[in-house]
Amino acid sequence: MEYEFRENEAKWQKYWADHKTFAAAKDKTKPKYYILDMFPYPSGAGLHVGHPLGYIASDIVTRYKRMQGFNVLHPMGYDSFGLPAEQYAIQTGQHPAITTEQNINRYREQLDKVGFSFDWDREVRTSDPAYYKWTQWIFMQLFNSWYNKDTDKAENLASLISIFEQNGNANVKAVCSETEQFSSEEWKNYSEEQKQIILLNYRLAYLSDTMVNWCPQLGTVLANEEVKDGLSERGGYPVIRKEMKQWSLRIIAYADRLLEGLDRIDWPEPIKEMQRNWIGKSEGSTIRFQLKDHAEAIEVFTTRPDTIYGVSYMTLAPEHELVKKICTADRKATVEAYIDIAANRSERDRMADVKTISGEFTGAYVVHPFTGKDIPVWIGDYVLAGYGTGAVMAVPGHDTRDYAFAKHFDLPILEVVSGGDLSVEAYDAKQGAMVNSDFLNGLEVYDAIKAAIAKIEEKEIGKGTIQYRLRDAIFSRQRYWGEPIPVKFKNGIPELLAEDKLPLKLPEVDAYLPTESGEPPLARAKNWMSDDGFALEASTMPGWAGSSWYFLRYMDAKNEHEFAAKEELNYWQNVDLYIGGAEHATGHLLYVRFWTKFLFDLGMIPKDEMAKKLINQGMIQGVSCFAHRIQGENKYVSFNLIKDQKTTAIHIDVNLVENGVMDIEAVKAWKPDMANAEFILEDGKFICGHEVEKMSKSKYNVVSPDVIIEQHGADTLRMYEMFLGPLELGKPWNTNGIEGVSKFIRRVWRLFHDATGNLIIDESDATKDELRTLHKTIKKITEDIDRFSFNTCISTFMICVNELTEMKCHKRSVIEPLVLILAPFAPHLCEELWSILGHKESISAAPFPKYNEAYLVQSSFEYPISINGKTRTKMELDLGLNNQQIETAVLESDEVQKFLEGKQPKKVIIVPGRIVNLVI
RNA sequence: GCCCUGGUGGUGGAACUGGUAGACACGCAGGACUUAAAAUCCUGUGGCCAUUGCGGCCGUGCGGGUUCGAUUCCCGCCCGGGGUACCA
């Protein structure tokens, strides 16, 4: 009898659910281990084979850690607010909550079939009012806090107000928006309204004007993703950049601590590097350049104040507030035309396109603060409004972009740092002596930077500054399907709702679109007002709000009084192992660290980092299949017969293609317009072309795990996904090798059963060779799980089973431990075998076996080499004499003796069983 | 553009710290069992040459470098993937 995976997998999945086998224990005396997966957005296409990749890995570790005696917390939930559900709602009128619920149910069904060890009692959904109540509550804490640079943490606003009352704001060191100075007297005399306006400059959640993609025809704000080539993806209408009042979070306050914290966590170096670059700390100086014929000055930020004598022009971002003011009458028309074009280009376009150099002269001049010369002011879209001051002092000699701009517009290029050849390219290295720079002449770059800043500060035209590339996080979305922001407006002043009004639930609306006047969808709701009659905020929170603290909620998912009880927080602390995609490096993974530090500052949680260790799983891509249609005919030609014919590639559902061969009848049934088509075959088959693309519904390349589970079983899917390659690497999905894993499962079964299905478990003692095979396998598996190398684990298991099969070993003392170490990988099979071996309890409660070095030693034999005067055996070489320092080596082999001609080698490099290299 | 990352047989990949490149698996070829097929098992399988055995040369995207020795370290390219601030 063969292994019946279908009924067996269903049986054990039911057992685990009924017995709540994987619920984290209430007992807090055991050591804890918290393993977290990035929860999925429940999309309409259902779970695809890429989702389980990380979940299988975390599941293996979960089961392994449980067997090692840890109290493991391994929860799952859904990031269930998001754009796709809303767009579906716009098209169909279906409430997003309904679609979301349906999608979640489908996800849950699919997840269950893989046999995951999630503790479903702790499930969270970000769109559940019982959950987003606390997301809103955290927003309130942000609104009520300011960042005190003296204590270097966030504090309640009360401490700030008390400083204002005693001393005004002159000596307050806060991370805040620009605020005028006031005394304690002035503060006390301000009206309540004035006080609130000032406090808004200090709050960690504040209102400000920011740039958005605005589509006038749709009357809505669009994500960059929804904009293609300056047009809306939906409808193809023009999109412009527009300023809008938005909530922002003062993440900048945490820039330094977000950098510092990276040194204390075991995260992949590339992720840390991306976060460091994203935060982009740079030291430099601000410098004010006085405008000619205007009262204002242009302030720039530069990391190279040393090159101040190399300034030959200024460049402002087209959006810079001074542009319209300083532009001279004769330049007005061209400048404004340029601004219009630049406004329609996204930041990404502007940065990506460095080949097209564009800009305009404004007609205005500034005065160089050291030379007194007139410097022309230009605008150019390579300068971004969002970074620094939105203006740069252009030093074409020593900055690549300035150089290209100067060459293009024939502006002077001055040399102030020696060492380069400015006729060829800019010299931007921070090395060399200063020239043509008055008081800086002769100094090395780093000394010149210091000297320049000192002089700038002395002249009071600027100061040494630290600038971050990181921008404050915009927190408003003009959408329906998100958390409502718990704020009401009194005379335009934002005020929090009372805590007992939470959760502020999403209202019913007649359509999920903006109002006629362009307000967000929530403004459509009847009586979108507070109890005391004030307008409520109509924007909602961004997708990342709910995911920025969910790891805390799992610790105490059902608590109605707090986001999690102190006791639970203190026990579970933070995540020990977090597994998810690297695509979240500068989004979710930065925001969650920010919120964690904030809650830590308020003394609400015990750790200021969310995860000790992070592993990134690679993205599984889809392989799209194409049938090639001859242009102008209803004729399809097999891939290798295309030759020079003009064809159009048509996406074919990948589920109807096997190993490149298309199932013609199935395709005809699937696509009505292909039912009557003619197919030109090769060798009696129709071969498809293929291409690697992101898995997506529209490309018909989504592969659901369901089909694999149906055909081969969950254990095979689990092991095959691990076998596919290293966890961190992205790879296109293919099922070419799945037979090997499927075969492996059957071979394990046959260690217990003969061909007729009878048990053949041998109770006699194992031989040395059998024990060696077992223990070397345990050793390798333990080491490989510990370094998250699951693909090599699978190979190790295959080698082990091959060896045992060859030795015809069916001994309990060997196959029982083997089942234990295999259990995290193929849990259904192993539960069954475990029970066949006579155990009543689930295998997940059994201890993970340890290996014994003594069994690893091979039987020894003489090997013809003597090292340091001692004859060594092959066994000793096997145990690793690699790279040991060897004084003398006598190689007892004629060939080597001949090579050495009696000389003593200086260095001998040995790999097991063989001399690799001799240095004479 | 910028930041991060990957490139090894026909295919997925292994080689963990600079030391036998290609483990393991798929596929393919041949064979055993079978009336036949499926399943299972055995043998071979990087390329070229030699195949009467020993063997010989080339080979980890491309071009250089360091080293006794490089898939691994350094420099310069080419190509693929991810991110780029309202996708999640």
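Working from label points 7 Å from Cα in the Cα-to-Cβ sense, the residue A:418 to residue A:739 distance is 7.3 nm.
D by Stokes-Einstein for segment A:612-746, Kirkwood Rh over Cα pairs, 20 °C, 1.002 mPa s: 130 µm²/s. Taking 4.7 Å between beta carbons as the limit, the unpaired Cys residues of chain A are A:176, A:215, A:327, A:793, A:800, A:809, A:830. In chain A, the DSSP-assigned H stretches of four residues or longer account for a calculated mean residue ellipticity at 222 nm of -10000 deg cm²/dmol, using -39500 (n - 2.57) per stretch and the full residue count as denominator. In straight Cα distance, which lysines are under 25 Å from residue A:668, not counting same-chain residues fewer than 8 positions off? Candidates past the 8-residue exclusion: A:635, A:643, A:646, A:685, A:697, A:699.
Looking at A:246, A:280, A:317, which one has the Cα that reaches farthest to the positive end of the dipole of segment A:240-365 (charges on Cβ: Lys, Arg +1; Asp, Glu -1)? Checking the options against the dipole of segment A:240-365, the answer is A:246.
A dipole drawn for segment A:94-205 from +1 and -1 charges on Cβ atoms has a positive end, and of A:181, A:167, A:132 the residue lying farthest that way is A:132. Would you work out if segment A:507-641 is rounded, prolate or oblate? Take a ≥ b ≥ c from the square roots of the eigenvalues of the alpha-carbon gyration tensor; rounded if a/c is under 1.5, else prolate when a/b is larger than b/c, oblate otherwise. It is oblate, given that a/c is not under 1.5 and a/b is not larger than b/c. If you roll a 1.4 Å probe over chain A with all protein chains in place, what percent of the accessible area is carbon or sulfur? Result for chain A: 50 percent of the exposed heavy-atom area is carbon or sulfur.
The angle between the Cα long axis of helix A:738-752 and the longest principal axis of the Cα atoms of chain A comes to about 40 degrees, rounded to the nearest 10. Taking all protein chains together and a 1.4 Å probe, the residues A:576, A:256 rank A:256, A:576 from largest to smallest accessible area.
Would you work out which of A:713, A:755, A:474 lies farthest towards the positive end of the dipole of chain A? Charges go on Cβ: Lys and Arg +1, Asp and Glu -1. Value: A:755. For residue A:625, the residues whose modelled amide H falls within less than 5 Å of its own, excluding neighbours fewer than 5 places apart on the same chain, are A:652, A:654. Note on residue A:32 and residue A:15: the extension gain reaches 3.7 nm, defined as 0.36 nm multiplied by sequence separation minus the Cα-Cα distance. Quick one: work out the % antiparallel among DSSP beta bridges in chain A, nearest 5. Roughly 80 percent of the DSSP beta bridges within chain A come out antiparallel. Once the chain from residue A:167 to residue A:837 is taken as fully extended at 0.36 nm per residue, the excess over their C-alpha distance is 233.4 nm. Legend: calculated FRET efficiency, residue A:245 to residue A:183, from the Cβ-Cβ distance at R0 = 35 Å, rounded to 0.05, equals 0.75. Put a plus charge on the Cβ of each Lys and Arg, a minus charge on the Cβ of each Asp and Glu, and nothing anywhere else: the dipole of chain A about its Cα centre is then about 1020 debye. Here residue A:743 is the anchor, and the lysines within straight C-alpha reach of less than 18 Å, apart from those fewer than 8 places off in the same chain, are A:808.
Heavy-atom accessible area for residue A:504, with the other protein chains in place and a 1.4 Å probe, reaches approximately 20 Å².
Figure note: A:850, A:324 ranked by solvent-accessible area, largest first, 1.4 Å probe, ligands and nucleic acids not counted: A:850, A:324. Only the Cβ atoms of Lys and Arg (+1) and of Asp and Glu (-1) were treated as charged; on that basis the dipole of segment A:351-405 about its Cα centre amounts to roughly 80 debye. To the nearest ten degrees, helix A:269-279 and the longest principal axis of the Cα atoms of chain A are 10 degrees apart. The residues of chain A present an accessible area of 46 Å² per residue when probed at 1.4 Å with all protein chains retained.
When a/c reaches 1.5 or more, the comparison of a/b and b/c decides; with that in mind, is chain A rounded, prolate or oblate per its Cα gyration tensor? Prolate.
Highest mean first, what order results for A:103-111, A:540-548 on Cβ atoms within 10 Å?
Details: A:103-111: 17.2, A:540-548: 23.8.
The most tightly packed comes first, giving A:540-548, A:103-111.
Among the lysines of segment A:437-531, pairs at least eight places apart or on separate chains and with Cα atoms under 19 Å apart come to 10. Placing unit charges on the Cβ atoms only, positive for Lys and Arg and negative for Asp and Glu, gives segment A:90-205 a dipole magnitude near 340 debye about its Cα centre. A DSSP coil position with no more than 15 other Cβ atoms inside 10 Å describes the following trypsin sites (Lys or Arg not before Pro) in segment A:20-74: A:20, A:26, A:28. What the Cβ-Cβ distance of residue A:731 and residue A:707 gives, at R0 = 25 Å and to the nearest 0.05, is a FRET efficiency of 0.85. Cut-off under 17 Å on the C-alpha distance; same-chain residues fewer than 8 positions from residue A:731 excluded. Which aspartates and glutamates are left, in chain and number order? Output for residue A:731: A:583, A:691, A:693, A:721.
Ordered from highest to lowest accessible area with the whole protein assembly present and a 1.4 Å probe, A:748, A:227 read as A:227, A:748. Only protein heavy atoms count here; under a 1.4 Å probe, residue A:425 has an accessible surface of about 120 Å².
Taking the longest Cα principal axis of chain A as reference, the axis of helix A:812-822 is set at about 20 degrees.
The values are calculated or read from the model by the stated rules, or taken from the named source; none is laboratory data. For clarity, every value in this text was computed on a predicted model and none was experimentally measured. Cβ coordinates were reconstructed from backbone atoms using ideal geometry, including for glycine residues, and neighbour counts include every protein chain displayed. Note: areas computed on protein heavy atoms with side chains; ligands, DNA, RNA excluded. Shrake-Rupley method; radii C 1.70, N 1.55, O 1.52, S 1.80 Å.
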